[in-house]
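Laboratory data are not the source of any read-out in this text; all were calculated from the coordinates shown. Keep in mind it's a predicted model, so treat the numbers as computed, not measured. All Cβ positions, glycine included, derive from the backbone under ideal geometry; neighbour counts span all protein chains shown.
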There are 2 protein chains.
Amino acid sequence: MSQFPRGSTGPPDGVVVPDLPELPEATVSRLPEYLRALHQIAQAGQDTVSSEALAAAAGVKSAKVRKDLSQLGSYGTRGVGYEVAVLIEQIEQVLGLTQRRNVALIGVGNLGHALAGYGGFGSRGFRIGALVDADPARVGERLGDLVVTHIDELPATVAAEQIAIGVITTPVVAAQAVADRLVAAGVTSILNFAPCVLSVPDGVDVRNVDLAIELQILSFHEHRRGRGDPDGAAAVRRAAPKVVGP
Amino acid sequence: MSQFPRGSTGPPDGVVVPDLPELPEATVSRLPEYLRALHQIAQAGQDTVSSEALAAAAGVKSAKVRKDLSQLGSYGTRGVGYEVAVLIEQIEQVLGLTQRRNVALIGVGNLGHALAGYGGFGSRGFRIGALVDADPARVGERLGDLVVTHIDELPATVAAEQIAIGVITTPVVAAQAVADRLVAAGVTSILNFAPCVLSVPDGVDVRNVDLAIELQILSFHEHRRGRGDPDGAAAVRRAAPKVVGP
DNA sequence: ACGGGTTTGTGAAGCCGTGCACAAATCGCG
DNA sequence: CGCGATTTGTGCACGGCTTCACAAACCCGT
């Protein structure tokens with residue numbers, strides 16, 4: 001909306017202001033969900049979608065969808081809705097998915113193997129560009145069309161494969177050291193599966209995925225709900241069969 | 001502490017709610033992080049901890065720690081700090097981790113195998129009580145000391161193993177059906193790894209873990225940061241070597 | 001062309017969460 | 001026994017996010 005006229009004369013100095021003013025973090029975290037829903041809708045043959053329908057598919061309220069989309073200067077048509085194809089392209093543009101991003105998997109253990117074999121990367125804008133491990137016994141192992149390289153070669157690997165994101169799937173004890181080496185190699189985005197807090201310089205982005213934490217949060221609500229059978233009898237506390245939503 | 005929660009969305013009355021008035025969701029989601037940090041601290045030999053130290057270990061601000069802990073009627077001692085052992089017990093109590101919770105893994109594919117082999121369950125209050133799949137070829141397979149059972153036996157399995165939480169690691173197409181069957185079997189907490197939105201009845205809690213979404217959020221920040229080298233040269237955009245403070 | 005029905009975009013209000021700053025409480029030590 | 005150092009617990013203000021409600025914009029049939 002407030003499309004910035006690309007300064008033909010150029011900004012005088014230093015300040016490289018991006019196109020979008022500043023996208024709220026909450027919105028950013030929902031854009032991928034919209035994107036997923038939109039692909040689903042597109043595959044179903046719909047070529048336009050209302051905020052109401054999109055909201056239902058993404059599991060949020062319609063007002064939120066509209067405000068989110070308006071943030072990125074959206075092209076919706078009143079009385080009609082949004083063009084699915086246009087919206088997909090818009091969101092992919094904003095998320096930086098127009099160019100495929102290469103990720104490196106550090107730690108080819110149980111979880112690393114599973115992620116390497118997960119097919120969901122390619123269809124969502126990513127590609128596994130490197131498998132890395134510290135264990136010499138694992139180096140050289142082939143998975144698909146990739147060969148596990150040693151972590152000592154990380155800088156070369158990052159440069160050669162243009163790695164944009166590092167995914168840490170090592171044991172906890174190794175995670176911080178791996179993060180340090182990733183940062184030293186120039187990686188500025190890290191997805192951490194190890195259950196620990198990583199220290200990184202300013203300007204490096206870290207997101208954590210901790211299975212146990214998710215389970216514990218679920219446990220809290222379960223516990224809160226389930227007062228009444230102190231000695232865990234298998235009391236079946238059946239929820240009402242009413243189905244939420246669309 | 002006598003601060004009363006103004007009933008907003010909650011039921012007007014009737015449910016005799018236990019000790020805790022109403023814990024903010026943001027606090028709940030941080031308690032597991034505190035718990036992890038506390039175990040770490042306890043293992044280091046510390047028997048008391050200040051909010052400042054705990055905040056550093058959990059990666060948050062100290063004021064937030066104090067406010068969070070005060071929410072659950074904490075037993076801190078001014079001028080000293082918190083007793084680590086007491087705090088651990090308090091948090092485990094609130095999270096309902098005093099009794100070990102059994103989880104069922106539905107979908108013994110790549111990811112399912114990885115999670116089944118993940119050792120982090122036992123030490124964090126959970127136990128895999130069942131492995132379930134729909135593929136007859138997989139039923140009967142042994143992993144560790146568990147045997148994969150068929151999903152048609154889900155109700156019996158849930159009852160026999162006192163399953164509290166279902167973890168969905170199936171392909172997307174199967175996820176909703178699995179969720180329905182989990183709910184029908186009496187499970188009221190679901191951790192969903194399939195990239196889709198699940199419809200469940202009121203009273204059932206669902207949490208989603210989507211790898212691609214996390215990557216896309218990282219991609220956004222990477223994209224936003226990385227204006228200036230359009231043809232992705234491996235320009236090392238080194239952040240200041242300053243380490244983010246403890 | 002025009003009116004009715006539909007849907008977007010957004011101003012405004014309310015809620016939640018965060019962080020500061022400080023009084024109250026506790027310990028250690030002289 | 002009292003004083004200073006330390007740390008908790010919390011009132012308060014601020015900012016961000018969510019939701020409602022509604023005017024503006026648009027399509028379509030007549």
Taking the alpha-carbon centre of each part, the distance from segment A:157-213 to segment A:119-141 in Å is 14
Dividing the mean separation of Cα pairs under 8 Å (6+ apart) by the residue count of segment A:49-107 yields a relative contact order in percent of 29
Listed by chain and number, the residues whose amide H is under 5 Å from that of residue A:189, excluding neighbours fewer than 5 places away on the same chain and using placed H, are A:166, A:205
Net charge near residue B:80 (other residues with Cβ under 15 Å of its Cβ; Lys, Arg +1; Asp, Glu -1) is -1
If each K or R counts +1 and each D or E counts -1, the residues other than residue B:129 whose Cβ falls under 10 Å of its Cβ total +2
Per the 1/(1 + (r/R0)^6) rule, R0 = 25 Å and r from the Cβ atoms of residue A:40 and residue B:156, FRET efficiency to 0.05 is 0.15
